[in-house]
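**Student:** Structure below; questions to follow.
The values are calculated or read from the model by the stated rules, or taken from the named source; none is laboratory data. Everything quoted here is computed from the prediction, not taken from an experiment. A quick note on method: Cβ atoms are made from the backbone with ideal geometry, for glycine too, and the neighbour counts reach across all protein chains shown.
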Amino acid sequence: MGNFLVWVVWLAAAFACLGSGVAVVSVTNPFYSALALIGNLGSLAVLFLLLSAEFVAAAQVLVYAGAVAVMFLFVIAYLGGQADAPWAGGSSWQRWAAVIAASALLLEIVMVIGLKAGGRLSDEADVRESFGSPAEIGRFFLTDQLLAFEITSIVLLVAAIGGVILGAHSRAGGVPREEGAGERTLPERAPSVPATSVGAGVPER
């Protein structure tokens with residue numbers, strides 16, 4: 001029964017991850033695309049939990065879904081209506097490069113599954129007991145991968161500053177106002193009606 005529940009959770013998280021990933025690149029509204037990205041990161045966190053990587057799952061939710069995706073939403077909200085326009089597309093070589101990269105990744109996944117099914121990936125790696133622990137991950141980040149860790153922080157800072165600058169330029173241009181917009185106009189006075197005396201126009205008896 002336990003294995004059945006694990007398979008159900010794994011299938012649900014896998015399909016949610018695939019569906020939200022497709023929504024990230026297919027939805028034209030950037031706000032909904034960012035929300036789909038948060039769902040994708042949450043699904044990945046569930047998959048990490050199934051792999052007994054609790055710390056990585058928590059970091060996935062706190063750092064990526066909780067900080068990076070919120071920063072994306074902040075930039076989208078700051079840009080306002082300018083961010084609502086769908087991406088018009090780039091050069092043709094970018095599309096071909098994306099197709100080639102996706103095909104190479106798919107081929108790699110198929111090869112790994114085939115090698116695993118054939119028993120050629122059955123050798124277990126030498127993994128220490130401390131592998132994946134918070135202390136080991138912190139030591140790895142602050143020693144071997146310190147430069148990459150700091151570069152990632154700088155990239156996020158540059159992205160936030162760029163969003164603020166783009167939003168400032170979009171607001172500096174302003175929206176052209178129509179002539180007379182915002183000016184208060186007084187209503188025209190009704191034409192005066194001459195006063196009539198009491199009994200005027202009534203024939204005498």
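**Student:** Any residue in segment 80-96 that is modelled with pLDDT of 80 or more and either in the same structural domain as Val25 (by the TED database) or surrounded by 10 or more Cβ atoms within 10 Å (Cβ to Cβ) (or both)?
**Tutor:** Yes, some residue in segment 80-96 is modelled with pLDDT of 80 or more and either in the same structural domain as Val25 (by the TED database) or surrounded by 10 or more Cβ atoms within 10 Å (Cβ to Cβ) (or both).
**Student:** For a quick check of your reading of the model, give me the residue pairs whose first member lies in segment 86-105 and is under 20 Å from Ser33 (Cα atoms), whose second is modelled with pLDDT under 70, with beta-carbon atoms closer than 9 Å and at least 6 apart or on different chains.
**Tutor:** Close Cβ pairs (under 9 Å, with a partner that is modelled with pLDDT under 70) amount to Arg95/Gly89.
**Student:** Continuing with this model, one more query. Would you check which residues across segment 26-51 are in contact (Cβ under 8 Å) with a residue 12 or more places away in the chain and under 16 Å from Val9 (Cα atoms) and list them?
**Tutor:** Gly39, Asn40, Leu41, Gly42, Ser43, Leu44, Ala45, Val46, Leu47, Phe48, Leu50
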